[in-house]
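Note sheet for the following structure.
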Amino acid sequence: MERQDFLLDGRAVRLYADGTPELLFLQPVDAHDEALLERQLAAMDSSRSFALAAFAVKDWNRELSPWEAPPVFGKVPFGGGAAETLRFVTQRLLPELKTRLSLPEDAPLCLGGYSLAGLFALWSATQTPLFAGVAAASPSVWFPGWLDFVKAQPVRANCVYLSLGDREERAKNPLMASVGDCIRELYALLREEHTVTLEWNPGNHFQDSELRTARALRWLAGQL
């Protein structure tokens, strides 16, 4: 696939595409994710033509968290900057990509990511109906207040992919260890009105993030 790198409002964007894609994947990435994008792309192996636009997130805990929360590990709190990041996606990034790709108006848009980026994707889909699919690989659904919020503000995407490592709920931190129960409850909630799957992967939270994200996006490509 052809790669384009560009800056938009000072934010780095890496775009992979060939021709006019049938669907568009959007993914927030940090430096670790960005270094693994080529491996992720190779593992996606979709029969449908797609484009992947990865946009850089410098302050992970601030830019992707839906509201403020105290630190869970280390000393860095969550800054509640998700609304600002979503505005960048909807008002700046999407119009730019539609122009660059000559994207058809009916092309499905998908938002996804790993860890807190997965939670950001889920939260974003409660704020706008723009996204046909959400890929939440090992999402931070343990985030304080998330389950109560999503019960009151439903996810508006039709298709949702959820996954978790089978050792993630064994974390020493009690809040993070609740992730297994949280994702089971979220899956049960979404099953009522969405096309949704929950996949369990071997290992802890830090294992095979690029391959887990690739599986998430590949599943969405097969549904939309």
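The values are calculated or read from the model by the stated rules, or taken from the named source; none is laboratory data. Predicted model, so just to flag it, every value in this text is computed and none were measured. Positions of Cβ are backbone-derived with ideal geometry, glycine not excepted, and every protein chain shown enters the neighbour counts.
List of remarks:
Results for (1) touching a Pro at 6+ places or on another chain (Cβ under 6 Å); (2) among the charged types (D, E, K, R); (3) within 22 Å of residue 28 (Cα to Cα); (4) in contact (Cβ under 8 Å) with a residue 12 or more places away in the chain, shown as yes or no for each residue.
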{"site": "130", "(1), (2), (3), (4)": "no, no, yes, yes"}
{"site": "146", "(1), (2), (3), (4)": "no, no, yes, yes"}
{"site": "160", "(1), (2), (3), (4)": "no, no, yes, yes"}
{"site": "176", "(1), (2), (3), (4)": "no, no, yes, yes"}
{"site": "203", "(1), (2), (3), (4)": "no, no, no, yes"}
{"site": "215", "(1), (2), (3), (4)": "no, yes, yes, yes"}
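- For the criterion of being at pLDDT below 95, assigned to a loop (DSSP other than H, G, I, E, B) and either in contact with a Ser or Thr (Cβ under 6 Å, 6 or more places away or on another chain) or of a type in the set (Phe, Trp, Tyr) (or both), residue 143 fails.
- If you check 136, 132 for being among the small types (Gly, Ala, Ser), under 16 Å from the mean Cα position of the chain (by Cα), under 21 Å from residue 41 (Cα atoms) and surrounded by fewer than 22 Cβ atoms within 10 Å (Cβ to Cβ), only one passes: 132.
- Those residues of segment 37-69 which are surrounded by fewer than 18 Cβ atoms within 10 Å (Cβ to Cβ) and touching an Asp or Glu at 6+ places or on another chain (Cβ under 6 Å), in sequence order: 39, 48, 49
- Listed conditions (1) out of contact with any Cys (no Cβ under 7 Å at 6 or more places or on another chain); (2) more than 17 Å from residue 72 (Cβ to Cβ); (3) surrounded by fewer than 19 Cβ atoms within 10 Å (Cβ to Cβ) are all met by residue 162, apart from (3).
- Boolean, residue 56 is under 18 Å from the mean Cα position of the chain (by Cα) and not charged (D, E, K, R): yes
- Counting only residues that are of a type in the set (S, T, N, Q) and closer than 20 Å to residue 58 by Cα, segment 11-39 holds 1 of them.
- Taken together, 72, 76 contain a single residue that is hydrophobic (A, V, I, L, M, F, W, C), within 20 Å of residue 176 (Cβ to Cβ), free of Cβ contacts under 8 Å to residues at least 40 places away in the same chain and surrounded by fewer than 22 Cβ atoms within 10 Å (Cβ to Cβ), which is 76.
- Single condition residue 181 does not satisfy, out of (1) surrounded by fewer than 19 Cβ atoms within 10 Å (Cβ to Cβ); (2) under 13 Å from residue 137 (Cα atoms): (2)
- Restricting attention to segment 1-29 and to residues that are touching a residue at least 40 places away in the same chain (Cβ under 8 Å) and of a type in the set (D, E, K, R), the residue that is surrounded by the fewest Cβ atoms within 10 Å (Cβ to Cβ) turns out to be 9.
- Filtered residue count, segment 175-200, keeping only those that are closer than 27 Å to residue 32 by Cα, more than 16 Å from the chain's Cα centre (by Cα) and at pLDDT 95 or above: 4
- Boolean, residue 85 is within 15 Å of the chain's Cα centre (by Cα) and loosely packed, with under 15 Cβ neighbours inside 10 Å: no
- Conditions (1) at positive phi; (2) over 16 Å from the mean Cα position of the chain (by Cα); (3) among the polar types (S, T, N, Q); number of the one not met by residue 46: (1)
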